[in-house]
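To keep things clear, I will list the structure first and then write my remarks on it.
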Amino acid sequence: MFNTAMTMSDLMFLLKGAGMTLAVTGVSVAAGTVMGILFGVIRVQIGPWWAAPLTFILDIFRSVPLLIQLVLGNAFQSIAKLGWGPFTTSCVILSLYTAAYCTEIVRGAIDAVPPTTRRAARSLGMTWGQDMRHIVAPLATRIALPSWIGLTLGVMKDSSLVLWLGLIELLRASQILVTRLQEPLFILTVCGLIYFLLSFPVARLGGYLEKRWSND
Amino acid sequence: MIEIQNVRKSFGLLEVLKGIDLTVSKGEVVTVIGGSGSGKSTLLTCINGLEPIDSGKILVDGTEVHAKDTDLNKLRQKIGIVFQQWNAFPHLTVLENVTLAPRKVLGLPKAEAEAIAVKQLTHVGLADKLKDYPSRLSGGQQQRMAIARALAMSPDYMLFDEVTSALDPQLVGEVLDTLRMLASEGMTMICVTHEMKFAREVSDRVAFFHKGVMAEIAPPAQLFESPQDIELQKFLAATH
């Protein structure tokens, strides 16, 4: 018969870690998406040459491993005496990391809206803002959604790296339990299951929206 | 009145309009014919201000389209344009496609915009498609929806850019019938077309474009029966 030393209190400890994972992911994806939309629109509007400095900075966040970004970012905030805690530092770094990827998703989605459709909108007397709001935004959202869902799920899993800054999120909580209970397979299975339960609704929401919009 | 005065326009090194002069009076129907790359479509997008011009002037009711202080968005409200590709807004229903600009650009209340849209959609024979998405319509129906969308802004002028070119042959007739109806109602129209029979039938004048130049312009009977320009003669011989 299967036995485990894991108690309800240990499970609650894991769930608390999952709450931290959700908080870091939620803040980072929200802030990163807002920045990504802003940077993506800027990149499309001002063209590749003028956007080159912005693209270069975002490429750094896309190219350097997240763990290195977290460690360097934490060191930078200490040296600059910003006084950020691990949660704030983690969210700032993860937000910029998310923004770097989201910018490309947004840029690609806007570029994929047929120019002729936009020209038709402008020919009806719509301003640039009205065209962006009523034509480009809804169409680009449909195009970007699958990639954005993938990014969100990726950031949720990548957020496990913030354990290096001392945050006790889901993976770190699991490690602590593994060290204490010496049941790595069982605890990591529970940890994986919780990650799945966190990710599944996001993935399904994406599937639902895609299906709903495909009726257009 | 639309006044086109010595308009020149280039794309890079290629000059597509080489000094076009044309005046279209209120209520007049002018069709523009000519081979591919002769500058016909470019002229329409220049009239609407969608393309800048290099020199010359285009005046719509006395307002210079390309003047720096011209409010193009406002000017476009009186110049409807329908393109070869109908460019439906795919995320909106037929009714929403037609009400969007009246609501957002003209600021009409939803009910009023919908009343106008239903009237225009009925006008073009799409009264039973209000709730459908464009993807469920045929090409001809989508093109008629695009015409209703432009008409819903109550434009003074309509520009049609080869609106039947992308349609299957059996769908061309329904769109041309819509244009004939508009012409008979007195709408001022400039139609770029390859449909010679249609041009002959509805036009007050027909203009022949060749390599960026308006080589000949005349009433349809004169232009089709006794063409003066050698290139026009070749073009008509090839299209008959």
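Some notes on this structure:
- The range A:57-216, Cα convex hull volume normalised per residue, Å³: 139 Å³
- Student exercise, the protein assembly as shown dipole from Lys, Arg, Asp, Glu Cβ charges, in Debye to nearest 20: 1240 debye
- Once backbone amide H atoms are built at 1.01 Å from N, residue B:64 has no partners under 5 Å, excluding neighbours fewer than 5 places away on the same chain.
- Neighbouring Cβ atoms from other chains, within 10 Å of the Cβ of residues in A:127-136, number 3 on average.
- From most to least packed by mean Cβ count within 10 Å, the peptides B:44-55, A:54-65 give B:44-55, A:54-65.
- Separation of alpha-carbon centers, the range A:87-114 and the range B:131-147, rounded to whole Å: 36 Å
- Per the Debye formula on identical point scatterers at the alpha carbon atoms of the protein assembly as shown, with no solvent, log10 I(q)/I(0) at q = 0.06, 0.09 Å⁻¹ is -0.41, -0.73.
- Positive-end residue of B:10, B:29, B:130, charge dipole of chain B with Cβ unit charges: B:130
- Å³ per residue enclosed by the Cα convex hull of chain B: 125 Å³
- Other protein chain Cβ atoms within 10 Å, averaged over every residue that makes up B:80-91: 5
- A simple charge model with +1 on the Cβ of Lys and Arg, -1 on the Cβ of Asp and Glu and nothing else charged puts the dipole of the range B:1-102 at about 100 debye relative to its Cα centre.
- Dipole check for the range A:21-213: with +1 at the C-beta of Lys and Arg, -1 at the C-beta of Asp and Glu, and the Cα centre as origin, the magnitude is about 460 Debye.
- Residue pairs, from the table B:78/B:104; A:81/A:157; B:110/B:131; B:40/B:211; B:26/B:78, whose Cα atoms sit over 18 Å apart: A:81/A:157
- Helix A:137-158 axis versus longest C-alpha principal axis of chain A: approximately 20°, rounded to the nearest ten.
- Shape call, the range B:99-239: gyration tensor on alpha carbons, a/c limit 1.5: prolate
- Inter-centroid distance (Cα atoms) of the range A:178-216 relative to the range B:67-85, Å: 51 Å
- Simple spin-label estimate for residue A:52 and residue A:214 gives 4.2 nm between the two label positions (7 Å along the Cα-to-Cβ direction from each Cα).
- Cα gyration tensor category, rounded, prolate or oblate, for the range A:1-112 with a/c compared to 1.5: prolate
- Counting all C-alpha pairs of the range B:26-107, share separated by more than 21 Å (%): 43 percent
Read-outs: derived from the displayed coordinates by stated rules, not from any lab. Here the structure is a predicted model, which means the values were calculated and not measured. Note: ideal-geometry Cβ built from the backbone for every residue, glycine included; neighbour counts use all protein chains shown.
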